[in-house]
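First the structure, in the form of structure tokens, and then the observations on it.
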């Protein structure tokens, strides 16, 4: 979601009893993370984990480190 000030575009969804709020539906920008299924522009920014977000890449690194330590 992106919050902006102003009335919003004419085609935006509004509720009559909630003044100053307009909702415009758009497709999310970015790629779908293979782990969390979130659509984020940062997916693929880590070359070691090209199909996940940086947050999920960190979780995968930690999981792999724990797995190796247990061997």
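Please work out the Cα convex hull volume for the stretch 31-70 and give it in Å³ per residue. Numbers along the way, then the final one.
Numbers: hull volume 2.0 nm³, N = 40.
Given the Cα convex hull of the stretch 31-70, per-residue volume reads 51 Å³.
For each of 67, 61, count neighbouring Cβ atoms within 10 Å of the residue's Cβ, then give the residues from fewest to most. Can you show the working numbers first?
Values: 67 9, 61 13.
Placing the least packed residue first, the sequence is 67, 61.
Using Cα-Cα distances under 8 Å and only pairs 6 or more residues apart, what relative contact order does the chain have, in percent? Mind dumping the intermediate values first?
Values: 75 pairs, mean separation 11.4, N = 71.
The value is 16 percent.
Based on the mean of other Cβ atoms within 10 Å per residue, sort peptides 28-40, 45-57 so the most packed one is first.
Packing proxy ranking, top to bottom: 45-57, 28-40.
In percent, what relative contact order does the stretch 31-70 have, based on Cα pairs under 8 Å that are 6 or more apart in sequence? Don't skip to the end; give the middle numbers.
Details: 43 pairs, mean separation 11.3, N = 40.
Dividing the mean separation by the residue count of the stretch 31-70 yields 28 percent.
Taking every pair of alpha-carbon atoms in the chain, give the share separated by more than 15 Å as a whole percent.
Values: 1620 of 2485 pairs.
Roughly 65 percent, once rounded to a whole number.
Bear in mind that the values in this text are calculations on the coordinates, not laboratory data. Keep in mind that this is a model prediction, so the values were computed, not measured. Methodologically, a virtual Cβ is constructed for each residue, glycine included, from the backbone with ideal geometry; neighbour enumeration extends over all protein chains shown.
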